[in-house]
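Everything below concerns the one structure shown next.
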Amino acid sequence: MTTTSTASEDSSRLAQFEARIAADESIEPKDWMPERYRKQLIRMMAQHAHSEVVGMLPEGNWITRAPTLRRKMVLLAKVQDEAGHGLYIYCGTETLGVDRHDLVQELLDGKAKYSSIFNYPTLTWADIGAIGWLVDGAAIVNQTMLAKASFGPYARAMVRICKEENFHKRQGYEIMATLARGTGAQRAMAQDALNRWWWPSLMMFGPHDKDSTNSDELMRWGIKRKSNDELRQRFVNMTIVQAQAIDLTVPDADLKYNEMTGDWETGPIDWDEFWRVVKGNGPCNKERLDARRKADADGAWVRAAASAYVEKHA
Ligand code: FAQ
């Protein structure tokens, strides 16, 4: 009897919830939500927060080697921004009833996913340009849509994050444009960085729609507004023109323009490589997790001191 009334109560709440989604209302932390909606948001937001934090490592590697003081200041500011993005999103997950320390522990234990892109090495200064241009560029395309996500705290974090990502993208493109019109060696360095970051950037958008296990549910609940392939195509169309403008060539012999659709069509993406990286076997997965574990251990005394201070003044 109790079970039946709970089930019917839940189905009426679910109907109300879905009506709110259909009316494009923002869902806020204290509102009723299906458990699956909450779980999906925690999964996706935690992966996103981890990506921002792990994403500091490839670029952080170049702060001491930036070629000028101006470049160093810009890069330092950018890397700090990424830390801030991680913090906003971890805060957002806590509105869903989880503790960020548990999420971070899952990352340190190697159980949580983060974006595949951050498992590639930054070999030259041009890689810093390529990351800003391509990786932040891809992040903007993806996150501009997430700024319209149905969950209020996530959507609002995205609005602020996208503003900063725009600055990141511009500084990266400016580095690439400067190198591309520099000496022969600088130009070759820019082209080499584009060659190495192009395909991993396309993989950031996730598997093709037919292989995306979460998309249907996320789109039904207004968390994702566009599919992985739609966003990837939007990014390709924007970026090819930007590469042409600075006379760099995208490393894809099959790339062609489709007059009918107005889309640049790419050759096949190497999904074996993608899954290898996602499963922990990319070029830098071990190095990235080791760096996070070391940072966590080195920061233990700060956390202990902060908690002791809070307890003393409670
Ligand atoms: N890497 O069913 P779908 C940034 C997993 S932030 C690793 O299609 P979904 C800023 C996926 O989790 C970059 N794993 O998944 C920055 C799922 O596994 P699960 C991060 C991936 O969620 C710039 C499985 O594959 N941005 O760059 C990846 O519907 C510079 C099946 O996939 C976000 O996190 C991948 N690339 O769509 C920072 C944005 N793709 O969990 C520093 C928010 C898929 O079922 C420096 N997230 N997987 O075990 C999203 O928009 C979505 O989660 C997608 C994936 C589009 C990433």
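The values are calculated or read from the model by the stated rules, or taken from the named source; none is laboratory data. Note that this is a predicted model, so its numbers are computed, not measured. In this analysis, Cβ positions are derived from the backbone assuming ideal geometry, glycine residues included, and neighbour counts consider all displayed protein chains. With ligands, DNA and RNA removed, areas are computed over all heavy atoms of the protein, side chains included. Shrake-Rupley method; radii C 1.70, N 1.55, O 1.52, S 1.80 Å.
Points to keep in mind about this one:
- Qualifying residue in the range 91-101 (condition: within 14 Å of the ligand (Cβ to nearest atom) and surrounded by fewer than 15 Cβ atoms within 10 Å (Cβ to Cβ)): no
- Candidates LEU123, LEU108, LEU41, LEU75, filtered to the one that is open to solvent by less than 20 Å² (accessible area, probe 1.4 Å) and within 29 Å of THR249 (Cβ to Cβ): LEU75
- Screening ASN61 with (1) within 16 Å of the ligand (Cβ to nearest atom); (2) over 20 Å from LEU134 (Cα atoms); (3) not basic (Lys, Arg) gives one miss only, at (2).
- Per this entry, ALA185 is not counted among residues that are at pLDDT 95 or above, crowded, with 23+ Cβ neighbours inside 10 Å and among the small types (Gly, Ala, Ser).
- With a requirement of 2 or more residues that are surrounded by 15 or more Cβ atoms within 10 Å (Cβ to Cβ) and touching a residue at least 40 places away in the same chain (Cβ under 8 Å), the helices (runs of 4 or more DSSP H) lying completely within the range 249-314 that satisfy it span 271-276, 285-298.
- Count - residues of the range 37-52 that are farther than 19 Å from VAL135 by Cβ and among the hydroxyl-bearing types (Ser, Thr, Tyr): 1
- Count - residues of the range 68-123 that are among the basic types (Lys, Arg) and without any contact (Cβ under 8 Å) to a residue 60 or more places away in the chain: 4
- Across the range 203-230, the qualifying residues are those that are touching a residue at least 60 places away in the same chain (Cβ under 8 Å) and surrounded by 20 or more Cβ atoms within 10 Å (Cβ to Cβ), and the one among them that is farthest from the ligand (Cβ to nearest atom) is GLY222.
- Where ALA188 falls short, out of the listed (1) near the ligand (Cβ under 9 Å from one of its atoms); (2) without any contact (Cβ under 8 Å) to a residue 40 or more places away in the chain; (3) not hydroxyl-bearing (Ser, Thr, Tyr): (1)
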